[in-house]
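Report on one structure; see the data block that follows.
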Amino acid sequence: MDDDYYSLNSILAENHKLSCSFTLDVEGLGYLEGGTENNIHQHSKVELPFWLAQTLSLNEFTTFPLPPPYSNRVKAALNASAQSVKLSNLVGGNGWWYRWGRRIADVLDDEPQADLLNTLLKAFINRLPALQDLSAHHASADHTLPESSTSTTETFRDGMEGDERELFAIGQESGKMTRNWYDSNGGKKGGR
């Protein structure tokens, strides 16, 4: 999960707006509110792109609440059944839930930051076994037969976010390579 300036995945992960409240009066930026006012007044709420919200928040010009994809409601759903949560839908179709969460955490104070990072880590740990099982199944499945997956596994696959989809593809490729190696050695133990 890179945060490289030129990484398309990082750009897509940060392609969100945050509802920010200004902590002071700002002259000449009233156009950000979309009205005719020249200035932004303290406590005014404005939707800002993440890159601008991040800079303003780090310099204490604005504050923002935790975005809905990381709310207590989502956290409770993840604690109840992490595999049933469609992370991709939380941050826009095929979104990058983990990456954007890490970027949000970079802006937060210590306690909320630790809480968000813990939520991201727990979600990843709880979803990883299902992701690995699903990728191994898809790698070893005989694709000449009709697909026999359950609705639960397909729902999980459809709900994978960007990083999980990348790991899924790596797991599939690894399983295929292992199967090819095993088959090329005649299925003998130790390859001899």
Hey, does segment 108-117 have a residue that's among the hydrophobic types (A, V, I, L, M, F, W, C), at pLDDT 95 or above and over 14 Å from the mean Cα position of the chain (by Cα)?
yes
Restricted to segment 53-76 and to residues being aliphatic (A, V, I, L, M) and surrounded by fewer than 16 Cβ atoms within 10 Å (Cβ to Cβ), the residue nearest to ARG157 (Cα to Cα) is ALA76
- Determine, yes or no, whether PHE50 is closer than 15 Å to ALA105 by Cα, surrounded by 13 or more Cβ atoms within 10 Å (Cβ to Cβ) and touching a His at 6+ places or on another chain (Cβ under 8 Å). yes
Filter segment 53-77 for residues that are of a type in the set (S, T, N, Q) and under 15 Å from ASP109 (Cβ atoms); the one that is farthest from the chain's Cα centre (by Cα) is ASN59
Can you find even one residue in segment 22-35 that is at positive phi, free of Cβ contacts under 8 Å to residues at least 24 places away in the same chain and surrounded by fewer than 18 Cβ atoms within 10 Å (Cβ to Cβ)? yes
Here the qualifying pairs (Cβ atoms under 6 Å; residues six or more apart or on different chains; first in segment 99-113 and touching a residue at least 60 places away in the same chain (Cβ under 8 Å); second in a helix (DSSP H, G or I)) come out as ARG99/ALA13; TRP100/ALA13
How many residues of segment 97-108 are part of a helix (DSSP H, G or I) and either aliphatic (A, V, I, L, M) or touching a strand residue (DSSP E or B) at 6+ places or on another chain (Cβ under 8 Å) (or both)? The answer is 3
Looking across segment 1-32 at residues that are among the acidic types (Asp, Glu) and within 28 Å of the chain's Cα centre (by Cα), the single one that is modelled with the lowest pLDDT is ASP2
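The values are calculated or read from the model by the stated rules, or taken from the named source; none is laboratory data. For clarity, every value in this text was computed on a predicted model and none was experimentally measured. Virtual Cβ from ideal backbone geometry, glycine too; neighbours counted across all protein chains shown.
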